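The values are calculated or read from the model by the stated rules, or taken from the named source; none is laboratory data. A quick note: this is a predicted structure, and the numbers were derived from the prediction, not measured. A quick note on method: Cβ atoms are made from the backbone with ideal geometry, for glycine too, and the neighbour counts reach across all protein chains shown. In case anyone asks, the SASA skips ligands and DNA or RNA and just uses the protein heavy atoms, side chains included. Shrake-Rupley method; radii C 1.70, N 1.55, O 1.52, S 1.80 Å.
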Amino acid sequence: MSSIAVGSQRAWIACLSALALAGCDSGGGGGSSSSGGVVALPEAVPPAKTSSATPADAARLAKQATFGPDFATVERIGSIGVDAWITEQFGLSSSNYRDLMQVVRKDHCAGSSDYATCEFRTKLRGPVAARFYANAVGQPDQLRQRVALALGQMMTVSNNEMLMTASLAGYNQLLLDHSFGNFRDLLHAVTMNGYMGRYLDMAESKVTAPSENYARELLQLFSMGAEQLEMDGTVRRDATGAPLENYSMDDIKGVSRALTGWLYAPMDGAGKFDWAASDHTKSMIIGDTNWYDRGEKRFLGTSVAGGASSQQSVASVVDAAFRNASTPPFVSRHLIRHLVTANPSPAYVRRVAEKFVNNGNGERGDMKAVLRAVLTDPEARNPSGSSAAGKLKEPILLMTSLARVVGVQTDGGAMMERDEALGQPVFNAPSVFGFYPSENGLPGRPGYRSPVSGLVSVSTSITWHNLVHDWTILGDPEKRPEYRVQARIPGAFGTTPAWINWETFGSDIDSMIARIDLLMLANSMTAAQRAALKAAAMAITDADERRQARRRAQAMLYVVGTSPAFLVDR
């Protein structure tokens, strides 16, 4: 019989307190001092190219470029080095949603014998969300998936307004396909995507009443931003100190006119105007010939001659947004914030933006060059020089990171069931602005940004603690209803944690702690924290050595998983 005594509970509380204190500082190894004002890194020289990486840096890169470190990934990065691992990731494309892109008529479920399952599979986000989590936890193309998630939080669509499972799958497949391509191609594909056309009303926009929705968000959110930026991401200002605008209402009107005339592609065999048989997974097609504005259009210093084709007008809009001087720093800053740090220095943004402008071979918008610059920059690889380093994990990454540390095989159903309570039901954002404002300030720290803090509340914090408790202390498969096989999920096989990996440590608590420290804290645990964690584990005893090891691991994973040191990636 196991024994978890009152003393062990006290040890857990003491351990949690020790970890919490460390989680409030700069996060460096050995317990660095408390953070003060923002300290920007100097104009650092690029890090030396090496054929290997330290375990701590390998784990840090895995935090930035994967859905959470696991031991195999950290070992791989450590053995071949940061640059070679990034190159290796550029060649992987194992994740996909193509089998979920089965378009059906709008009234498809009307005669179904299992209406609820039919609705779930054809209208709701569930199958796509489950696949997202299954890919995030189990597929090797981790960087491609992280970038697709970041792009999806920039060019947002949401199933909360459009109940189309296949179309949602198609849009996310588009993001995966373009993650390592050219940004201009991505921008054009998103502009022409039927699901986006439906979400922001570009589809069916007519010369008589051009919709301005997509035109506005294309400029404000998807490319250049509302304010003019210097190459380092700082706002350009006029003589009075007021921000300079990137575009005017006349620009929006001109763009909206240029984007008229499009319609959803029909399902195979259906008529163009059969509204119940639209295929939003495909690029839009030309609608009625009278919908398109054939007059001259002017916007963003560009003009489209009267009589130009619909395709030429779209290309001119995309080119104008892509070529805008603010687009390189706007896109670069977004990627840095989502992958590395919420508060990059202006110098960091500039170095990445310069790669957007020119990848070294004269190409603008090369995503591979941009991403390599994001991940190999001195501020990404050596963050200890700045108290602004790092970012708060968003709920999606909290769940996947914990799952990858524990070691699970999953069809994603368990996470799909739990993400709404955490405030971030993937693919179901409340608006085109996503789940949180990108410029959200860090409470109590003027001048700092912490976008994800917009999701933090007493309720979501308690929910996270409860989830960690459920997936660690109560993490045995028979105790978790969400681990069951859900037949409504295509290809469902449930969720199975690999506690055997932790049981093999036996009574070697020090090695178990070392593994937790590496994967969850990038080897930043202090001696005091190690001692507190070990004391908490030692208080748990069981006559069965394997069960004792598992329960000790579960307790320590709970303590670390609910600590600020884990919740903040540095």
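Would you be able to say whether some residue in segment 382-400 is among the hydroxyl-bearing types (S, T, Y), open to solvent by 10 Å² or more (accessible area, probe 1.4 Å) and without any contact (Cβ under 8 Å) to a residue 60 or more places away in the chain? No, segment 382-400 contains no residue that is among the hydroxyl-bearing types (S, T, Y), open to solvent by 10 Å² or more (accessible area, probe 1.4 Å) and without any contact (Cβ under 8 Å) to a residue 60 or more places away in the chain. Among the residues of segment 59-75, those that are buried (at least 17 other Cβ atoms within 10 Å of the Cβ) and either over 17 Å from the mean Cα position of the chain (by Cα) or outside any helix (DSSP H, G or I) (or both) comprise A59, T66, F67, G68, P69, D70, T73, V74.
Among the residues of segment 169-199, just one is within 20 Å of the chain's Cα centre (by Cα) and charged (D, E, K, R), namely D177.
Just a yes or no: is a residue in segment 262-272 open to solvent by 40 Å² or more (accessible area, probe 1.4 Å), within 24 Å of L168 (Cβ to Cβ) and either of a type in the set (D, E, K, R) or in contact with a His (Cβ under 6 Å, 6 or more places away or on another chain) (or both)? Taking every residue of segment 262-272 in turn, at least one turns out to be open to solvent by 40 Å² or more (accessible area, probe 1.4 Å), within 24 Å of L168 (Cβ to Cβ) and either of a type in the set (D, E, K, R) or in contact with a His (Cβ under 6 Å, 6 or more places away or on another chain) (or both). Among the conditions (1) out of contact with any Leu (no Cβ under 9 Å at 6 or more places or on another chain); (2) under 25 Å from A58 (Cα atoms), the only one that P378 does not satisfy is (1). Scan segment 221-249 for residues that are farther than 16 Å from S211 by Cβ, open to solvent by 50 Å² or more (accessible area, probe 1.4 Å) and outside any loop (DSSP other than H, G, I, E, B) and jot them down. Answer for segment 221-249, where residues must be farther than 16 Å from S211 by Cβ, open to solvent by 50 Å² or more (accessible area, probe 1.4 Å) and outside any loop (DSSP other than H, G, I, E, B): E227, R237, P243, E245.
Does N172 satisfy being under 29 Å from F132 (Cβ atoms) and open to solvent by 10 Å² or more (accessible area, probe 1.4 Å)? Criteria met by N172.
For segment 420-466, the candidate set comprises residues that are over 17 Å from the mean Cα position of the chain (by Cα) and of a type in the set (S, T, Y); within that set, the residue that is nearest to S223 (Cα to Cα) is Y448.
Comparison of A403, A429, A492, A414 shows that the only residue that is farther than 20 Å from A62 by Cβ, outside any loop (DSSP other than H, G, I, E, B), modelled with pLDDT of 95 or more and open to solvent by less than 60 Å² (accessible area, probe 1.4 Å) is A414.
Across segment 192-206, a minimum of one residue is classified as without any contact (Cβ under 8 Å) to a residue 60 or more places away in the chain, within 19 Å of A169 (Cα to Cα) and of a type in the set (A, V, I, L, M). Every condition in (1) under 30 Å from S453 (Cβ atoms); (2) in contact (Cβ under 8 Å) with a residue 24 or more places away in the chain; (3) assigned to a helix (DSSP H, G or I); (4) within 33 Å of the chain's Cα centre (by Cα) holds for R530 except the one numbered (2). Please enumerate the residues belonging to segment 328-347 that are more than 20 Å from the chain's Cα centre (by Cα) and among the hydroxyl-bearing types (S, T, Y). Answer for segment 328-347, where residues must be more than 20 Å from the chain's Cα centre (by Cα) and among the hydroxyl-bearing types (S, T, Y): just S345. The single condition among (1) over 17 Å from V432 (Cα atoms); (2) more than 17 Å from the chain's Cα centre (by Cα) that E161 does not satisfy is (1).
Count of segment 470-489 residues, restricted to those that are among the hydrophobic types (A, V, I, L, M, F, W, C), under 30 Å from R530 (Cα atoms) and either touching a residue at least 24 places away in the same chain (Cβ under 8 Å) or part of a helix (DSSP H, G or I) (or both), is 2. Please specify each residue of segment 346-396 satisfying the condition of being of a type in the set (S, T, N, Q) and either over 20 Å from S453 (Cβ atoms) or at pLDDT 95 or above (or both). The answer is N358, N359, N361, T376, N382, S384.
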